[in-house]
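Trainee: I have a structure here, written as C-alpha cells, and I will follow up with some questions on it.
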Amino acid sequence: MATKNMKQMKSTVIVLSFLMLFSLQVRAQFTEETPLLSVISSRNFEETSLRLQEVLKDEGFNVFNKIAHHDGAEKAGMKLRPTAVFIFGNPEAGTLLMQCDQRVGAELPLKILVWEEEDKKVKIAFYDVRELNARCSLS
C-alpha cells in the first residue's frame, strides 16, 4: 500500500510540476476558475507555440502531435485565428497514473490549446489536473 501511495504522489507531482512550471515560463496568470484553465502568454502565437514545445521536451514529455486548427480551417475554405492543440505525454508519468487508476488512460495523452484572440492576445488552456484527480482515484 505504501508503494502505491508513493507512486500516486510521484505521478501527481510530475504532472502538477509541469503545469506550474509552464505557467511561470510564459509569465501568465490564471483568468478563470473552471476545469479548463486559461492563461495569457506574454509572447505571440508562434513564440508561445515554440516555447511550449521546448518546455515540454525539457521536462521529459514527448510531443506526439501538433494539430493546427487554423490550417484545417484554411483547407476547408474558412478563416480561423491561429489555434493549435499540442498532444503530449510521458510514458513513465502516464503509466504511474494508470497504475493508480486505469481510467486515466481515457484522458491521456494530455493536451494543451494555444490560440490568438481577436485583440492579438495569446492564450493557453489546459484542464486542471485536480479535476482528473477528482474523476479518478488518484489520491
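Trainee: Report the gain in length on full extension from residue 50 to residue 120: 0.36 nm times residue separation, minus Cα-Cα distance, nm rounded to one decimal.
Mentor: Values: separation 70, 0.36 × 70 = 25.20 nm, distance 1.70 nm.
That pair, residue 50 and residue 120, stretches by 23.5 nm at full extension.
Trainee: A further question follows. Using a 1.4 Å probe, how large is the accessible area of residue 95, given in Å² and rounded to the nearest 10?
Mentor: Ignoring ligands and nucleic acids, residue 95 comes out at about 70 Å².
Trainee: Tell me, what is the 1.4 Å probe accessible area of residue 92, in Å² to the nearest 10?
Mentor: Residue 92 has an accessible surface of roughly 100 Å² with all protein chains in place.
The values are calculated or read from the model by the stated rules, or taken from the named source; none is laboratory data. As the structure is a computational prediction, the values presented were derived from the model and not from experiment. Heavy atoms of the whole protein, side chains included, go into the accessibility calculation; ligands, DNA and RNA do not. Shrake-Rupley method; radii C 1.70, N 1.55, O 1.52, S 1.80 Å.
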